[in-house]
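What follows is a single structure, written as C-alpha cells, with notes after it.
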Amino acid sequence: MKIPTSLKHKPVIVAEDYGQIDGRSAGDTDTQGLSLGLAQWNDRGKVDISAKVWRYTGEKWSRQSEELPLHRVLDLSILICRALEHFRESYRYEGLYDPENPVIDRIGLQGEAMTVSVCTDNEKIREDIKLFNQALSDDGELIGERLSTLSRLLKEMGY
C-alpha cells in the first residue's frame, strides 16, 4: 500500500508494506508504513524532519498515525535498550526491580541526563512489571533480530 503524499507530513524515505513485518502483528495490523520526511508541524522558514508510523483502517488513513521528531525516535531506542539490559538482570530482585532504588540509569544527553527508572507511581507495578518482562521474553527473537540489524548498521556507519 502506498503511503499518502498529499497530507501535511511529506514523506521522503519510506518503508511501505510495513504491515508484513510489524512484529507479532505482521499480516494483521493497521500499521502499513513508516516514513522519514518533512514534519507536519513545520513553520514557514523552519524545517524539521520526523519519523511517521502510518496506520490504515482498511478504508482510510487513520488519525492515530504517529509522527515523532527523529531525536525522540532515537531516545525511545535508547530507553528500549536500557530497559532490555535491566530485565536481563532483573531476576536478581524478588519483584524484578529494587524498590529501594527504582532508578535504573541516568544517561547523559545534551549536557543533561535522561533518568530511566521503574514507574513506582503505577499502583499495579508489581503485576505490570511481570507482564512487561514476560512480553519482552515472548518477543525476544523479534527484538533481537532488530537490535542485531541496528548494531550492524551502526558499526557500518562508524558508531
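Before moving on, here are some points about what is shown:
- Among the conditions (1) of a type in the set (A, V, I, L, M, F, W, C); (2) in contact (Cβ under 8 Å) with a residue 40 or more places away in the chain; (3) exposed (fewer than 15 other Cβ atoms within 10 Å of the Cβ); (4) part of a loop (DSSP other than H, G, I, E, B), Ile3 misses just one, which is (3).
- Remark: Thr57 falls outside the filter, which requires a residue to be closer than 28 Å to Lys130 by Cβ and hydroxyl-bearing (Ser, Thr, Tyr).
- Of all the residues in region 16-40, those that are in contact (Cβ under 8 Å) with a residue 12 or more places away in the chain and either part of a loop (DSSP other than H, G, I, E, B) or surrounded by 14 or more Cβ atoms within 10 Å (Cβ to Cβ) (or both) number 15.
- Test: Ile78 is under 30 Å from Gly108 (Cα atoms), of a type in the set (A, V, I, L, M, F, W, C), out of contact with any Lys or Arg (no Cβ under 9 Å at 6 or more places or on another chain) and at pLDDT below 90: no
The values are calculated or read from the model by the stated rules, or taken from the named source; none is laboratory data. The structure presented is a predicted model; accordingly, all values stated were derived computationally and were not measured. Don't worry about glycine lacking a Cβ; one is built from the backbone with ideal geometry, like all the others, and counts go over all protein chains shown.
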